[in-house]
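One structure is given here, and the rest of the page talks about it.
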């Protein structure tokens, strides 16, 4: 037996992807929890702008990042996406290490929704179009919340179907695969830079050092 073809724990999600994922979770939840409090308004803004920065980073990393981080690896055309969805319904899908085409739709949709939430929030703060923009901000957020719930449910269902904890893999970065399938470098420096940059920008917004974004 070829030892290189034996399944073992291999790195799939590099450190920047994991940092992006969990900081986005924190930012989304933080913005939600502070949305109704005037006393926490600056914190709400900070979470929102951090989410935008994370999405913009992910767009860049989706073009220049490691193998499974790249959009070219998991964004497919309508035909292939539909075929994969049909395979999911019949439990006949081929398990892959990266995002599948259907999961990619949820991911891209959520990233677009977050940008729209932030844009409408900014316009609402500037009192552009009055109550309409404020209502649009809340409506888009509610749509994003539904997508998040679907995403979590799908991760649980796929974990059961593939018999592998996909949520845990987003913490460890590892899944079961062959040596050739693994990502060789975790890219720790990029992930640390992303975390530090987000923390610093969060501080700048909360402290009022960027008045153009909060007034």
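The values are calculated or read from the model by the stated rules, or taken from the named source; none is laboratory data. Here the structure is a predicted model, which means the values were calculated and not measured. All Cβ positions, even for glycine, are placed from backbone atoms using ideal geometry, and neighbour counts span all protein chains on display.
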* To do: Exactly one condition in (1) without any contact (Cβ under 8 Å) to a residue 40 or more places away in the chain; (2) assigned to a helix (DSSP H, G or I) is not met by residue 118; state its number.
  => (1)
* Those residues of region 155-179 which are assigned to a helix (DSSP H, G or I), at pLDDT below 90 and out of contact with any helix residue (DSSP H, G or I) (no Cβ under 7 Å at 6 or more places or on another chain), in sequence order -> 156, 157, 160, 161, 162
* Asked: closer than 21 Å to residue 33 by Cβ, modelled with pLDDT of 95 or more and part of a helix (DSSP H, G or I): does that describe residue 197?
  -> no
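With 37, 109 as the choices, which residue is more than 12 Å from the chain's Cα centre (by Cα) and more than 18 Å from residue 199 (Cα to Cα)? Reasoning before the result, please.
Numbers: 109 fails: more than 12 Å from the chain's Cα centre (by Cα).
Only one candidate qualifies: 37.
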* Does residue 13 satisfy being farther than 17 Å from residue 213 by Cα, assigned to a helix (DSSP H, G or I) and in contact (Cβ under 8 Å) with a residue 60 or more places away in the chain? -> no
* Do any residues in region 178-191 that are on the phi < 0 side of the Ramachandran plot and surrounded by 15 or more Cβ atoms within 10 Å (Cβ to Cβ) have Cβ atoms under 9 Å from those of residues that are in a helix (DSSP H, G or I) and modelled with pLDDT under 90, where the two are at least six apart or on different chains, and which pairs are they? -> 178/4; 178/5
